[in-house]
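Below you'll find the structure, written out as structure tokens, and then a few comments.
The values are calculated or read from the model by the stated rules, or taken from the named source; none is laboratory data. Please read these numbers as outputs of a predicted model, since none were measured by experiment. Here the Cβ positions follow ideal geometry from the backbone for every residue, glycine too, while neighbour counts run over all protein chains shown.
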Amino acid sequence: MVDLAAVEREASVCTRCPLAAGRTNVVFGVGDTSADLMFVGEGPGRDEDLEGEPFVGRSGHLLDRVLQEELGIGRDRVYISNTVKCRPPGNRDPHPSEVAACRPYLERQIELIEPRVIVTLGNFATRLLLDSTRGIKQLRGRAYPYERAVSGKVSGPNVMVVPTFHPSFVLRSGGAGEAMAGLRADLVRAKRYLGVAAR
Ligand code: SF4
């Protein structure tokens, strides 16, 4: 059986899309590989590319803070990954072909980690996992069943997707106000589903 470490080894030398050419590190994911709660962001930024770990810059500090304040846990209790594992140059948006090329890695992570709740951070992760073209402002505010696992093993009503704003959007909005309130409310929603779906 393929384990997560084998998938990470495969990703570490991946050249499936053009983002391979500009990366320092493949940023596969970090945290508890049997976590009930998983976060999926967009793609690595400069700090993440240099360190090889997702959400280590200002966005990561914000995520750590609200995770602690709303759920009372640290990042070691969750698993954090991204839609694309290599940094888009200049922090541009990943192209659809790059998201599609990287998607099997994310789906295998979800299949092997078997989270109960997946919090998608921002448009890219949310659209990918909900198979939607709608924006995060329309999609957040509720939870959705996760329907798209590779084998179907982890799909179904017991795995919920909770979309929320990307922490970098919250920071761009001043780190307060509606965006911050939305992020907090969505984490409370995730917590509720974790409670409902506790192992
Ligand atoms: S972004 Fe994903 S598909 Fe593209 S090279 Fe990196 S690991 Fe491979």
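Worth pointing out:
- Search result, residues across segment 114-129 that are over 13 Å from the mean Cα position of the chain (by Cα) and either on the phi < 0 side of the Ramachandran plot or buried (at least 22 other Cβ atoms within 10 Å of the Cβ) (or both): Arg116
- Residue selected from segment 78-92 under the condition touching a residue at least 40 places away in the same chain (Cβ under 8 Å) and part of a loop (DSSP other than H, G, I, E, B), by the criterion surrounded by the fewest Cβ atoms within 10 Å (Cβ to Cβ): Pro88
- Within segment 47-103, being of a type in the set (Val, Ile, Thr) and away from the ligand (no atom under 15 Å from the Cβ) holds for Val56, Val66, Ile73, Val78, Ile80.
- Helices (runs of 4 or more DSSP H) enclosed by segment 101-199 - at least 3 residues per element that are modelled with pLDDT under 95: 177-196
- For segment 6-28, the count of residues that are more than 15 Å from the ligand (Cβ to nearest atom), in contact (Cβ under 8 Å) with a residue 24 or more places away in the chain and more than 20 Å from Val78 (Cα to Cα) is zero.
- Residue that is nearest to Arg116 (Cα to Cα), among those in segment 3-33 that are touching a strand residue (DSSP E or B) at 6+ places or on another chain (Cβ under 7 Å) and β-branched (Val, Ile, Thr): Thr33
- Selected residue (only one of Ser81, Ser59, Ser97 is of a type in the set (Ser, Thr, Tyr), over 19 Å from Leu194 (Cβ atoms) and within 16 Å of the chain's Cα centre (by Cα)): Ser59
- Residue selected from segment 36-59 under the condition of a type in the set (Gly, Ala, Ser) and crowded, with 20+ Cβ neighbours inside 10 Å, by the criterion nearest to Cys14 (Cα to Cα): Gly43
- For segment 33-41, the criterion of being without any contact (Cβ under 8 Å) to a residue 60 or more places away in the chain, of a type outside the set (Ser, Thr, Tyr) and away from the ligand (no atom under 16 Å from the Cβ) is met by no residue.
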